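S.K.: Pasting a structure below so you can have a look.
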Amino acid sequence: MIRLPQYTKKDLQILAINMPPVVILLNSLLFGKRFFTEPGVFIGSGLIVLLIMTFAWFVFTWIAVTVRNRLPANRNLIKRLGITILLIGIIQSLVITLLFRGYSHFNLFDYTLNETRYYWTLGISFLINIIITMVHEGVDSFEKWKNTLTETEQLKTAYTQSQLLGLKSQVNPHFLFNSLNSLSSLISEDETKASTFLDELTKVYRYMLRSPDEKMVTLGTELQFIRSYFYLLKARYGDCVQLQVDTDETANNKFVSPLILQTIFEYSINSNVLLKECPLSFLIGIDPNGKLLVQNN
């Protein structure tokens, strides 16, 4: 399978946009008004020039790609563009010369060489060469910038997720130990409460075990978990902790990272003194801008 040279992902679009004007311009310089008034010249010469310039386009692209691979660094930009424009200009001049001389030599479409138009074509073609080379370089630079931006965002996301997983790995064993202590106390005090506590603990750890496989969950799902989680906290701390949830159905259908609320709760509890006279109160809501709001006093 033949692989065509590619300077940017937009090469074919750039070719499709630029080739019709190039074909019309070259034929206008070759034949003048005849190109537009004689159907045979318009169709025949149009197709010939289109095929020759399309082939030349891929040769030019191969040259540009080769030079870029040899001089890839940004500090070589001016040198790379200069060499690319020069080499393409030389090949371009040969193609135009063969085109003009070939038409004249074989008397195609009764063509007679016009030296003035020939030199004008060389000058205009070199100018087009510069413009298209700059367009190619601009598109290439934009694509690289977009790829860099995407990679940066992916790295940020991966780093944030690794931090969250690190917090989870620190929280879970500590939380389990405290929950089992609470369960042990409830068994001897109230078997019904102990049974309910065990049921909520099961829900919490089922969610915890499932969450590493899910990058995002709905806020509604996370709130179901946090209510079970808060039940365990309530069993341990009693009236020292309070929870108020104020969200609507629209917010509950949006997505959040799993266990993000539990991480905040655990950190807040470990960082505060819990007193019945001044309970630690949590509020989960939505701010006026539609963002998730988590507060404590």
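The values are calculated or read from the model by the stated rules, or taken from the named source; none is laboratory data. Keep in mind that what you see is a predicted model, and the values were worked out from it rather than measured. In this analysis, Cβ positions are derived from the backbone assuming ideal geometry, glycine residues included, and neighbour counts consider all displayed protein chains. When the accessible area is computed, the model is the full protein with side chains, heavy atoms only, and any ligands, DNA or RNA have been set aside. Shrake-Rupley method; radii C 1.70, N 1.55, O 1.52, S 1.80 Å.
S.K.: Which helices of the chain meet both criteria: a Cα extent of 27 Å or more along the helical axis and a mean Kyte-Doolittle score no lower than -0.5, with helices taken as whole DSSP H segments? Display every interim value, and only then the final one.
M.R.: On the way: long enough: 11-31 (29 Å, 1.58); 39-70 (46 Å, 1.47); 77-105 (41 Å, 1.38); 115-189 (108 Å, -0.10); 191-210 (28 Å, -0.53).
In the chain, the long hydrophobic H runs are 11-31, 39-70, 77-105, 115-189.
S.K.: Please give the contour-minus-distance gain from W145 to L86: 0.36 nm per residue of separation, less the Cα-Cα distance, rounded to one decimal in nm.
M.R.: Details: separation 59, 0.36 × 59 = 21.24 nm, distance 2.67 nm.
Full extension from W145 to L86 adds 18.6 nm.
S.K.: Give me the one-decimal nm value for the distance between modelled label points at E153 and I17, 7 Å along each residue's Cα-to-Cβ direction.
M.R.: Rounded to a tenth, the inter-label distance reads 2.3 nm.
S.K.: Shifting gears a bit: Could you tell me the center-to-center distance, by alpha carbons, between region 133-162 and region 192-270 in angstrom?
M.R.: One Cα centre to the other: 37 Å.
S.K.: Further, regarding this structure: Filter the GluC sites (Glu not before Pro) in region 220-297 down to the DSSP loop ones having no more than 12 other Cβ atoms within 10 Å, then list what survives. Intermediate values should be presented prior to the final figure.
M.R.: Numbers: sites: E222, E249, E266, E277; in loops: E277.
Those that pass, being in a loop and sparsely packed, are E277.
S.K.: Starting from 0.36 nm per residue, how many nanometres of slack lie between I24 and R101 once their C-alpha separation is accounted for?
M.R.: Here the answer is 25.9 nm.
S.K.: Projecting each Cα onto the charge dipole of region 13-154 (Lys/Arg +1, Asp/Glu -1 at the beta carbon, about the Cα centre), which of P21, N69, W57 comes out farthest on the positive side?
M.R.: The listed residue farthest towards the positive side: N69.
S.K.: For region 206-260, which trypsin sites (Lys or Arg not before Pro) are both in a DSSP coil and crowded by at most 13 other Cβ atoms within 10 Å? Don't skip to the answer; put the middle values down first.
M.R.: Details: sites: R206, R210, K215, R227, K234, R236, K254; in loops: K215, K254.
Filter output for region 206-260: K215.
S.K.: Let me ask something else. Take every DSSP beta bridge with both residues inside region 211-297 and express the antiparallel ones as a percent of the total, to the nearest 5. Walk me through the intermediate numbers first.
M.R.: Working: 7 of 13 bridges.
In region 211-297, DSSP labels about 55 percent of beta bridges as antiparallel.
S.K.: What number results when the radius of gyration of the chain, computed over Cα atoms, is divided by 2.2 N^0.38 Å? Walk me through the numbers on the way to the answer.
M.R.: Working: Rg = 35.9 Å, N = 297, 2.2 N^0.38 = 19.1 Å.
Compactness ratio reported: 1.87.
S.K.: Additional query: With +1 on each Lys and Arg Cβ and -1 on each Asp and Glu Cβ, how big is the dipole of the chain about its Cα centre, in debye rounded to the nearest 20?
M.R.: Numbers: 27 positive and 24 negative charges, 305 e Å.
That gives a dipole near 1460 debye.
S.K.: In addition: S271 accessible area, nearest 10 Å², 1.4 Å probe?
M.R.: Around 70 Å² of this residue is reachable by solvent.
S.K.: What do you get for chymotrypsin sites (Phe, Trp or Tyr not before Pro) in region 11-117 restricted to DSSP loop and a cutoff of at most 14 other Cβ within 10 Å of the site's Cβ? Spell out each step's value before the answer.
M.R.: Numbers: sites: F31, F35, F36, F42, F55, W57, F58, F60, W62, F100, Y103, F106, F109, Y111; in loops: F106, Y111.
For chymotrypsin sites (Phe, Trp or Tyr not before Pro) across region 11-117 that sit outside H, G, I, E and B with at most 14 neighbouring Cβ atoms in 10 Å, the list reads F106.
S.K.: Show which lysines lie in cross-link reach of K144 when reach means a straight Cα distance below 21 angstrom and same-chain residues fewer than eight apart are skipped.
M.R.: Of all the lysines, those that pass the test against K144 - Cα under 21 Å, at least 8 places apart if same chain - are K9, K10, K79, K156.
S.K.: Sticking with this one: Once the piece of chain linking R206 and L293 is laid out straight, how much longer is it, given 0.36 nm per residue of separation minus the C-alpha distance between them?
M.R.: On the way: separation 87, 0.36 × 87 = 31.32 nm, distance 2.56 nm.
Contour length minus Cα-Cα distance gives 28.8 nm.
S.K.: Please report the accessible area of M19 (heavy atoms, 1.4 Å probe, ligands and nucleic acids excluded) in Å², nearest 10.
M.R.: Accessible area of M19: about 10 Å².
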